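Everything below concerns the one structure shown next.
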Protein chains: 2
Amino acid sequence: MQTDTICLGLLMSGPKTGYAIKGILSGPLNQIYNLSFGSIYPALGKLTREKLVTFKQQSQDKKPDRKIYSITKKGINHLKEALLQDAGNYIRSGNYGDQIKSEYAMLLLFSEALPDETVKLIIDERILYIKQFLNLITYEGPLSEEDNLQPLRRSPQAKFMRGLMSEVIQTALDYIEKNRKKLHG
Amino acid sequence: MQTDTICLGLLMSGPKTGYAIKGILSGPLNQIYNLSFGSIYPALGKLTREKLVTFKQQSQDKKPDRKIYSITKKGINHLKEALLQDAGNYIRSGNYGDQIKSEYAMLLLFSEALPDETVKLIIDERILYIKQFLNLITYEGPLSEEDNLQPLRRSPQAKFMRGLMSEVIQTALDYIEKNRKKLHG
DNA sequence: GTTATATATATCAGATTGATATATCGTCAA
DNA sequence: TTGACGATATATCAATCTGATATATATAAC
């Protein structure tokens with residue numbers, strides 16, 4: 001799946017700045033997909049040139065300008081075709097190319113080479129982080145005054161993913177708390 | 001965590017070819033970390049130049065040559081230092097930079113734009129894939145005649161990770177089977 | 001008063017991917 | 001039997017992506 005498709009998909013739930021797209025990908029979707037600014041801004045530029053999105057420049061009083069991007073009709077059609085093709089590729093190849101790099105998991109896997117106290121510390125830290133993240137995705141209330149993320153959060157698809165994530169993360173948390181003694185004295 | 005560190009860590013459980021390292025990362029560790037050949041071979045070359053690994057060239061009868069890499073004493077020291085520093089960075093920043101791109105999860109999130117039959121199909125396919133992967137990591141028996149992966153699989157760290165993965169994946173499987181109706185008619 | 005964090009866009013060196021090339025062997029089907 | 005395919009094995013490279021950095025302002029903390 002291309003970066004373009006991700007941006008278009010996220011713009012389906014309403015107009016957003018590049019910064020907001022990064023915020024969604026760094027926040028609730030953190031364990032699902034992430035992109036750097038260096039991918040997002042060029043993608044939005046390319047999509048603008050192809051007229052799959054448009055933007056309104058909003059010069060704010062004493063704040064940096066915002067470019068608020070919206071998906072066009074052409075963009076919606078393009079998104080549908082791209083997703084259908086991605087789905088087709090998946091079905092044909094059985095391979096979705098999920099790309100995962102969990103440095104934390106590798107650190108635990110190699111933790112025999114670390115002092116016991118260090119292993120304890122990184123597990124304590126991780127447990128705190130997981131609990132915070134669980135709160136983030138379990139939280140149902142409004143996010144801010146100008147809450148334009150509601151459409152994304154209230155779709156059945158988003159609810160499905162949030163439910164899946166919270167169950168999976170809760171399982172991981174329980175497992176780590178129950179079995180951490182296998183990794184340190 | 002650098003690619004170098006991943007290679008050194010995997011070589012701690014015994015000598016391996018670059019191809020074997022890729023095999024481990026594409027197989028049981030698939031949902032944890034992955035690297036392409038284009039990262040692995042240059043990393044092994046760099047590690048050789050730095051004398052952190054050595055290799056024996058094995059010319060096989062009518063098969064391609066193999067370069068079997070082993071970690072050196074210097075390499076072991078380097079690994080310990082690198083892991084300690086990575087752990088320190090984590091504790092200080094609270095951020096491990098886990099990098100995740102699950103195209104499948106994004107496809108489900110955007111699946112409103114797909115026909116119902118397609119959504120059904122990709123979920124059916126995914127359930128099959130998950131079941132296969134569960135078998136792969138749950139399997140305890142020997143892997144092949146020349147089974148040099150046993151040290152990696154039998155360490156407490158590897159058992160911990162396999163247990164964690166199988167519980168998490170089982171939870172995901174149950175959730176998808178129970179809730180898939182929310183995504184298609 | 002200064003340090004840090006949030007909002008917001010943008011760029012770029014260096015790292016990574018996914019594809020491709022090369023070479024041999026075994027297997028499975030037409 | 002021949003041709004296609006997959007496994008073993010190394011290697012390279014264009015296109016893409018990351019992580020860091022730059023720029024600019026406001027607000028909160030210390």
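The values are calculated or read from the model by the stated rules, or taken from the named source; none is laboratory data. Every value quoted in this text rests on a predicted model; they were computed, and no experiment measured them. Methodologically, a virtual Cβ is constructed for each residue, glycine included, from the backbone with ideal geometry; neighbour enumeration extends over all protein chains shown. Heavy atoms of the whole protein, side chains included, go into the accessibility calculation; ligands, DNA and RNA do not. Shrake-Rupley method; radii C 1.70, N 1.55, O 1.52, S 1.80 Å.
Association of chains B and A removes close to 6600 square angstrom of accessible area from solvent, both sides included, for a probe radius of 1.4 Å. Computed on chain B, the Cα convex hull volume stands at 166 Å³ per residue. Between 0 and 90 degrees, the angle of helix A:73-93 with respect to the longest Cα principal axis of chain A falls at about 40 degrees.
Taking 8 Å as the Cα distance limit and 6 or more residues as the minimum spacing, I'd like the relative contact order of chain B as a percentage.
21
Per residue, the solvent-accessible area of the protein assembly as shown (1.4 Å probe, heavy atoms of protein chains only, all protein chains present) comes to 53 Å². Rolling a 1.4 Å probe over the protein heavy atoms of the protein assembly as shown, with every protein chain left in place, gives an accessible area that is 52 percent carbon and sulfur. Once the Cα atoms are used to define both axes, helix A:37-49 deviates from the longest principal axis of chain A by about 20 degrees. Taking only the Cα atoms of region A:3-93, the ratio Rg/Rh comes out at 1.01, with Rh defined as the Kirkwood radius.
Taking amide H positions as modeled 1.01 Å from N, with prolines and chain starts lacking one, the residues under 5 Å from residue A:53 and 5 or more places away or on another chain are A:48, A:72. Here r is the Cβ-Cβ distance between residue A:159 and residue B:93 and R0 is 30 Å; the resulting FRET efficiency, rounded to 0.05, is 0.40.
Between copies, the label points at residue B:94 (set 7 angstrom from Cα along Cα-to-Cβ) are spaced 4.3 nm, reported in nanometres from shortest to longest. Looking at chain A as a GNM with Cα springs under 10 Å, which of A:107, A:152, A:25 has the largest mean-square fluctuation? Maximum fluctuation in the GNM of chain A, among the listed residues, is at A:107. Cα-based values for region B:103-182, radius of gyration first and Dmax second, are 16.4, 49 Å.
Mean partner shielding of peptide B:124-132, defined as the number of other chain Cβ atoms within 10 Å of each residue Cβ, is 2.
Under a Cβ-Cβ cut-off of 12 Å, what is the net charge of the residues other than residue B:56 that fall near it, where Lys and Arg count +1 and Asp and Glu count -1?
Summing Lys and Arg as +1 and Asp and Glu as -1 gives +2.
In order along region A:101-108, phi translates into HN-Hα couplings of 9, 9, 4, 4, 4, 5, 4, 5 Hz, rounded to whole numbers, per the Karplus curve 6.51 cos²θ - 1.76 cosθ + 1.60 with θ = phi - 60° and x for Gly and Pro. Peptide B:154-166 has a mean shielding of 4, counted as Cβ atoms of other protein chains within 10 Å of each residue's Cβ. The sum of -39500 (n - 2.57) across all DSSP H runs of n ≥ 4, divided by the residue count of chain B, sets its helix-only mean residue ellipticity at 222 nm to -19500 deg cm²/dmol.
When the P(r) of region A:61-107 is calculated, the portion above 14 Å amounts to 73% of the C-alpha pairs.
Taking every residue in A:30-42 and counting other chain Cβ atoms within 10 Å of its Cβ, the average works out to 2.
Taking the charge dipole of the protein assembly as shown about its Cα centre, with +1 at Lys and Arg Cβ atoms and -1 at Asp and Glu Cβ atoms, the residue from B:163, A:3, A:89 reaching farthest to the positive side is A:3.
In order along region A:158-174, the phi-based Karplus estimate (6.51 cos²θ - 1.76 cosθ + 1.60, θ = phi - 60°) of 3J(HN,Hα) comes to 5, 5, 4, 5, 5, x, 4, 4, 5, 5, 5, 5, 4, 4, 4, 4, 4 Hz; Gly and Pro are listed as x. On the basis of the beta-carbon distance and an R0 of 25 Å, residue B:178 and residue A:182 show a calculated FRET efficiency of 0.25. For chain B, modelled as a GNM with alpha-carbon contacts under 10 angstrom, which of B:21, B:71, B:127 fluctuates the most? Greatest mean-square fluctuation among the candidates belongs to B:127. Projected label points at residue B:37 and residue B:117, each 7 Å from Cα along the beta carbon direction, are separated by 3.8 nanometres. The same position residue B:181 in the other copies lies at 4.2 nm from this copy, comparing label points 7 Å beyond Cα toward the beta-carbon, shortest first.
The lysines within cross-link reach of residue A:51, meaning a Cα-to-Cα straight distance under 23 Å and a gap of 8 or more places when in the same chain, are A:16, A:22, A:67, A:73, A:74, A:80. Orientation-averaged projection of the protein assembly as shown equals 21.7 nm² [convex hull of Cα atoms, one quarter of hull surface area].
What's the angle, to the nearest 10 degrees (0 to 90), between helix A:116-138's Cα axis and the longest principal axis of chain A? With both axes taken from Cα atoms, the answer is about 40 degrees. Residues whose amide H falls under 5 Å from that of residue A:17, counting only those 5 or more places apart or on a different chain, are A:69, with hydrogens built in the peptide plane.
Shortest first, residue B:151 label-point distances to identical copies amount to 5.7 nm, with the label point at 7 Å from Cα along Cα→Cβ. On the rotation that sends chain B to chain A, the chain B Cβ lying closest to the axis gives residue and distance in whole Å as B:171, 2.
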